[in-house]
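Structure, as structure tokens:
The values are calculated or read from the model by the stated rules, or taken from the named source; none is laboratory data. Treat the numbers as computed from the prediction; the structure is a model and nothing was measured. When we count neighbours, we look across all protein chains shown, and the Cβ atoms used for this are built from the backbone with ideal geometry, even at glycine.
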């Protein structure tokens, strides 16, 4: 079974211009799981065109 982990953010709770709060997207056989979603994760999902 293959998987892919996408780091959407890796900063603390307060975002900066170049780093967003912690969030990861795990893709396991085309099933998607959001992990540790911080503030603004929805903006990162839109930026990377993840639905």
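Here are a few things to note about the model shown:
- For the range 9-31, the set of residues classified as out of contact with any strand residue (DSSP E or B) (no Cβ under 6 Å at 6 or more places or on another chain) and closer than 13 Å to residue 51 by Cα consists of 30, 31, listed by residue number.
- Yes/no for residue 38 being touching a strand residue (DSSP E or B) at 6+ places or on another chain (Cβ under 6 Å) and at pLDDT 90 or above: no
- Subset of the range 13-41 [loosely packed, with under 12 Cβ neighbours inside 10 Å and farther than 26 Å from residue 2 by Cβ]: 13, 14, 16, 17, 18
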